[in-house]
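Bear in mind these aren't lab numbers, they're just calculated from the coordinates by the rules spelled out. Since this is a predicted model, take the numbers as computed values, not measurements. Cβ placement follows ideal geometry from the backbone for every residue including glycine, while neighbour counts extend to all protein chains displayed.
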Amino acid sequence: MAYEIVWTENAKEDLELIYDYLVRKWSERVAEKFLVKVLARLELIETFPFSGRASYKDTSIHKLLITKHNSFYYKIDENTITILNIFDNRKELNPFD
């Protein structure tokens with residue numbers, strides 16, 4: 001069963017900021033490659049929502065690696081997956097643990 005994907009405003013802003021950063025610092029081609037990876041990961045969690053690691057504090061929240069630098073945090077409800085944010089894995093504070 002495929003789930004519906006819903007983005008929070010925060011997650012949309014995260015994606016936009018990362019895309020803009022990649023275009024500025026690297027190139028539009030690099031930014032587009034990142035979007036392809038994001039779409040592939042969305043397809044994965046749409047079909048296999050429990051493929052991400054569950055939080056210890058709230059098992060409905062999962063983390064899934066997009067690239068070595070970024071991860072999705074998403075919440076699974078009955079038929080919906082809500083993308084909560086995209087986290088920079090290089091930051092010291094990890095809100096997931």
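Key figures
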{"item": "Relative contact order computed over the range 4-88 (Cα-Cα under 8 Å; 6+ residues apart), in percent", "result": "33 percent"}
{"item": "Low-density loop positions, GluC sites (Glu not before Pro), the range 37-97 - DSSP coil, at most 13 other Cβ in 10 Å", "result": "GLU78, GLU92"}
{"item": "Fluctuation leader among ARG41, ARG24, ARG53 - the chain, Gaussian network, Cα springs under 10 angstrom", "result": "ARG24"}
{"item": "SER60, SER71 arranged by Cβ crowding within 10 Å, fewest neighbours leading", "result": "SER60, SER71"}
{"item": "Of TYR74, TYR56, TYR19, the one that fluctuates the most in a GNM where the chain has Cα springs shorter than 10 Å", "result": "TYR56"}
{"item": "Over the chain: helical MRE at 222 nm, DSSP H runs n ≥ 4 each giving -39500 (n - 2.57), nearest 500", "result": "-13000 deg cm²/dmol"}
{"item": "Simple spin-label estimate for ALA40 and ARG90 in nanometres, 7 Å along Cα-Cβ", "result": "2.1 nm"}
{"item": "For the range 4-88: lysine pairs under 18 Å (alpha-carbon distance), excluding those fewer than 8 apart on one chain", "result": "11"}
